[in-house]
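Data block below; observations after.
The values are calculated or read from the model by the stated rules, or taken from the named source; none is laboratory data. Keep in mind that what you see is a predicted model, and the values were worked out from it rather than measured. Note that each Cβ is placed from the backbone with ideal geometry, even for glycine, and that neighbours are counted across all protein chains shown.
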Amino acid sequence: MLDVVVVGGGPVGMFLAALLLQHGMSVRILEQRSEPNTHSRAIGIHPPSLEALDGVGVASGLIAEGVRIRRGVAIGGGVELAGMSFDSVSRRYPFVLSVPQARTEAALERRVRELDGGALLRGATVTGMHDDGSSVAVDVLTAGGESRIHASLAVAADGVRSTVRQLLEAPARLKVYRDRYLMGDFADSTAFGPDAALFLEAAGIVESFPLPGGVRRWVARLPGAPAVAGADPEASTTGGLARIVLERTGVAVDAGTNSMLSSFGARTRMVERMVHGRVTLIGDAAHEISPIGGQGMNLGWLDAADLVPFILRRLAGTGRERDFRSFEGHRLRAAATAARQAEINMALGRPLQRPWWTVRNRLIGCAAGVPAVNARVAARFTMH
């Protein structure tokens with residue numbers, strides 16, 4: 001019987017497995033995808049996550065591949081409203097690392113394979129989960145047929161559409177927002193270098209982040225959701241995103257250099273409980289929050305890092321049920337804080353009539369001019 005079965009071989013599941021393998025645990029990762037993910041929606045790794053990733057030996061390699069964002073600027077009407085430095089948020093990692101999610105997943109997978117070449121099982125669909133109080137049996141469907149895997153504990157890190165959450169019938173609170181966004185990666189034609197830029201315009205926010213290889217990601221709030229009267233379907237194209245960027249920021253983006261395009265909405269889903277007997281939900285399986293702010297993947301890593309000591313104690317026979325409840329309460333509070341920050345980020349990016357837009361931008365400029373406020377905002381943005 002295995003010590004732990006991890007459902008989900010994305011960045012959170014791989015990281016958890018690497019931590020457990022380093023402690024000598026026997027682990028099996030069940031990943032539904034037969035091939036590694038090549039789509040990189042998440043790019044930002046915050047300082048606390050870099051500390052955690054260093055614990056499995058992948059942080060330095062990712063830093064060498066990525067772009068260190070040490071500063072962010074807010075711009076409105078062509079004028080810089082505020083600058084925010086991340087120098088004070090961490091002595092070791094005073095920056096947000098920008099690196100495509102696919103590269104992060106690849107680094108974590110390499111580390112897992114170094115620790116145990118047979119730990120990862122791809123093309124595995126979980127069809128059932130049974131907790132008898134002393135162990136967990138997981139029913140799995142692969143190309144080779146059906147099988148059952150037994151483990152002392154199970155952890156679900158299988159994302160927003162979590163199969164395990166559905167199998168457990170875990171109650172969750174869901175809130176859907178009307179905000180919709182379009183993002184794309186293009187050759188960098190700006191002079192921002194390694195800085196992030198937020199364009200707080202009356203028509204809606206445009207965010208811009210550097211990526212490795214002379215690429216820059218652009219994220220724009222769309223004029224309306226598809227279900228909203230007056231929404232422009234042409235906006236959700238490469239050319240449409242380039243047009244929005246030009247109209248709102250004055251930056252000409254070459255649509256022909258586009259290497260990724262994706263539209264997305266925003267919602268919050270929070271489970272009432274993360275721990276269900278011998279099964280624990282972490283990451284997006286437990287708490288889905290708006291992608292604006294880039295906190296989701298980082299939250300999952302911090303879930304995993306906090307969970308490992310409790311798993312080790314339980315496997316050693318010294319863990320108690322209330323220990324897991326303590327973990328659960330702490331992580332749900334962290335997720336609620338992140339969700340509130342994401343709501344603030346979305347509110348700041350919504351369209352405003354000109355008079356209110358002017359007032360908001362002036363207030364942001366005034367607040368940013370207060371060092372203590374500036375430092376506090378920088379800490380919140382980097383999950384400190």
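Applying the set (1) at positive phi; (2) aliphatic (A, V, I, L, M); (3) modelled with pLDDT of 95 or more to Met383 leaves exactly one unmet item: (3).
Restricting the search to strands (runs of 3 or more DSSP E) fully inside region 52-93 and requiring at least 3 residues that are under 24 Å from Val245 (Cα atoms) and not charged (D, E, K, R) gives 71-76, 79-85. Can you confirm whether Arg269 is in a helix (DSSP H, G or I), at pLDDT 95 or above, touching a strand residue (DSSP E or B) at 6+ places or on another chain (Cβ under 8 Å) and surrounded by fewer than 24 Cβ atoms within 10 Å (Cβ to Cβ)? It is false that Arg269 is in a helix (DSSP H, G or I), at pLDDT 95 or above, touching a strand residue (DSSP E or B) at 6+ places or on another chain (Cβ under 8 Å) and surrounded by fewer than 24 Cβ atoms within 10 Å (Cβ to Cβ). Just one of the listed residues (Arg71, Arg28) is in contact (Cβ under 8 Å) with a residue 60 or more places away in the chain, more than 26 Å from Ala378 (Cα to Cα) and among the basic types (Lys, Arg), and it is Arg28.
Check off (1) touching a helix residue (DSSP H, G or I) at 6+ places or on another chain (Cβ under 8 Å); (2) outside the structural domain of Asp132 (by TED's automatic domain parsing); (3) free of Cβ contacts under 8 Å to residues at least 60 places away in the same chain for Leu352 and give me the number that stays unchecked. With (1) touching a helix residue (DSSP H, G or I) at 6+ places or on another chain (Cβ under 8 Å); (2) outside the structural domain of Asp132 (by TED's automatic domain parsing); (3) free of Cβ contacts under 8 Å to residues at least 60 places away in the same chain applied to Leu352, the lone miss is (3).
In region 178-195, the residues that are farther than 22 Å from Ala255 by Cβ form Cβ pairs under 6 Å with partners that are of a type outside the set (A, V, I, L, M), at six or more places apart or across chains, as follows: Pro194/Pro210; Asp195/Arg71.
The single condition from (1) closer than 30 Å to Tyr181 by Cα; (2) charged (D, E, K, R); (3) at pLDDT below 95 that Arg314 fails is (1). Determine if region 6-14 includes at least one residue that is assigned to a strand (DSSP E or B), among the aliphatic types (A, V, I, L, M) and buried (at least 18 other Cβ atoms within 10 Å of the Cβ). The answer is yes, given that some residue of region 6-14 is assigned to a strand (DSSP E or B), among the aliphatic types (A, V, I, L, M) and buried (at least 18 other Cβ atoms within 10 Å of the Cβ).
Here the strands (runs of 3 or more DSSP E) wholly within region 123-207 that include at least 1 residues being more than 27 Å from the chain's Cα centre (by Cα) and over 30 Å from Gly317 (Cβ atoms) are 136-142, 145-156.
Residues Ile45, Ile29, Ile63, Ile75: which one is among the β-branched types (Val, Ile, Thr), modelled with pLDDT of 95 or more and in contact with a Phe, Trp or Tyr (Cβ under 6 Å, 6 or more places away or on another chain)?
Numbers: Ile45 fails: in contact with a Phe, Trp or Tyr (Cβ under 6 Å, 6 or more places away or on another chain); Ile29 fails: in contact with a Phe, Trp or Tyr (Cβ under 6 Å, 6 or more places away or on another chain); Ile63 fails: in contact with a Phe, Trp or Tyr (Cβ under 6 Å, 6 or more places away or on another chain).
Selected residue: Ile75, the only one of Ile45, Ile29, Ile63, Ile75 that is among the β-branched types (Val, Ile, Thr), modelled with pLDDT of 95 or more and in contact with a Phe, Trp or Tyr (Cβ under 6 Å, 6 or more places away or on another chain).
Looking only at region 349-358, decide whether some residue is of a type in the set (Val, Ile, Thr), surrounded by fewer than 12 Cβ atoms within 10 Å (Cβ to Cβ) and out of contact with any Ser or Thr (no Cβ under 9 Å at 6 or more places or on another chain). Within region 349-358 (the criterion being of a type in the set (Val, Ile, Thr), surrounded by fewer than 12 Cβ atoms within 10 Å (Cβ to Cβ) and out of contact with any Ser or Thr (no Cβ under 9 Å at 6 or more places or on another chain)), the answer is no, since none of the residues qualifies.
For region 316-332, the count of residues that are over 23 Å from Met14 (Cβ atoms), assigned to a loop (DSSP other than H, G, I, E, B) and of a type in the set (Val, Ile, Thr) is nonzero. Within region 368-384, restricting attention to residues that are surrounded by 12 or more Cβ atoms within 10 Å (Cβ to Cβ) and either among the charged types (D, E, K, R) or without any contact (Cβ under 8 Å) to a residue 40 or more places away in the chain (or both), the residue that is nearest to Tyr177 (Cα to Cα) is Arg380.
Evaluating Ala220 against the criteria (1) under 20 Å from Pro100 (Cα atoms); (2) out of contact with any strand residue (DSSP E or B) (no Cβ under 7 Å at 6 or more places or on another chain); (3) modelled with pLDDT of 95 or more leaves one unmet condition, (2).
Just one of the listed residues (Val253, Val215, Val308) is in contact with a helix residue (DSSP H, G or I) (Cβ under 6 Å, 6 or more places away or on another chain), at pLDDT 90 or above and farther than 22 Å from Val12 by Cβ, namely Val253.
The residues on offer are Asp132, Asp54, Asp116, Asp158, and the sole one that is charged (D, E, K, R), out of contact with any Pro (no Cβ under 8 Å at 6 or more places or on another chain) and outside the structural domain of Ala316 (by TED's automatic domain parsing) is Asp54.
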